[in-house]
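The values are calculated or read from the model by the stated rules, or taken from the named source; none is laboratory data. Just so you know, these numbers come straight off a predicted model, no measurement behind them. Note that each Cβ is placed from the backbone with ideal geometry, even for glycine, and that neighbours are counted across all protein chains shown. Areas reflect the complete protein model, heavy atoms only, side chains present, ligands, DNA and RNA absent. Shrake-Rupley method; radii C 1.70, N 1.55, O 1.52, S 1.80 Å.
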Amino acid sequence: IILSGNIFVKDDLVFENKVQINPGTIFTIKPNKNIIFRNKLIAKGTKENPIVFKKFENEDHWGTVAILGKNTKNSLIKNVNFEEGSGGTFNQYKFTSMFSIHNSENIRILNSKFSSNINYDDTIHVIYSNNITFENTKILNAYGDAIDVDISQNIKIDNIIIESAKNDGIDFMESNAEIINAKI
């Protein structure tokens, strides 16, 4: 599946097939709605044309963008901006963040920005995952924890800026990680 242009999300979107998101794609998401990727995701924006996930103007925050399950292995998020999300539920899952990685491996998040989540505890939540890399990441105005990593291995965080987190900048539980060049 190839996604591009302006995408208005009025109901939960669940992708079971591989997805490619083109540069400049803008997702405008209704309150409490989620976007769930259950297969490999390649979201490659550019510095000039980032991919954006944002709320509808003058409406409440949207739910979560989740990378969920083993089929999402080797996904890439590059030059993507996440703005004013929250968290939500999908089937038996409760997502406590605006961006979630659950039960996956070899995920790379590069040159991306996360800002102004609300209501749920985390801006980014990683759980039951392995080999997750964040490079050149900026997190602004976290409602609670900026990054929460639980029961995960081989997490690499390189060149991160976290400003105005209301709780932990980075929170690890039963995980191992390497942090390089952090401003928190």
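So the values come out like this:
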| quantity | calculated |
| --- | --- |
| Extension gain from N119 to D150, taking 0.36 nm per residue of separation minus the Cα-Cα distance | 9.2 nm |
| Where the chain is the region considered: accessible area per residue in Å², 1.4 Å probe | 46 Å² |
| P(r) histogram, all alpha-carbon pairs of the stretch 8-61 included - 10 Å bins from 0, percent | 25, 48, 27, 1 |
| Net +/- balance of residues flanking E135 in space, Cβ distance below 9 Å, scoring K and R +1, D and E -1 | +1 |
| Against the rule of thumb 2.2 N^0.38 Å, how large the Cα Rg of the chain comes out | 0.91 |
| Summed side-chain charge close to H102 - residues other than H102 whose Cβ falls under 13 Å, Lys, Arg +1, Asp, Glu -1 | 0 |
| About the Cα centre, charge dipole magnitude for the chain (Lys/Arg +1, Asp/Glu -1 at Cβ), debye | 720 debye |
| Around A146: net Lys/Arg minus Asp/Glu count, Cβ-Cβ under 13 Å | -3 |
| Shape call, the stretch 72-114: gyration tensor on alpha carbons, a/c limit 1.5 | oblate |
| Distance in nm between pseudo-label sites at N141 and Q20 (7 Å out along the Cβ direction from Cα) | 3.5 nm |
| At R0 = 25 Å, FRET efficiency that the Cβ-Cβ distance of I161 and R108 yields, to 0.05 | 0.90 |
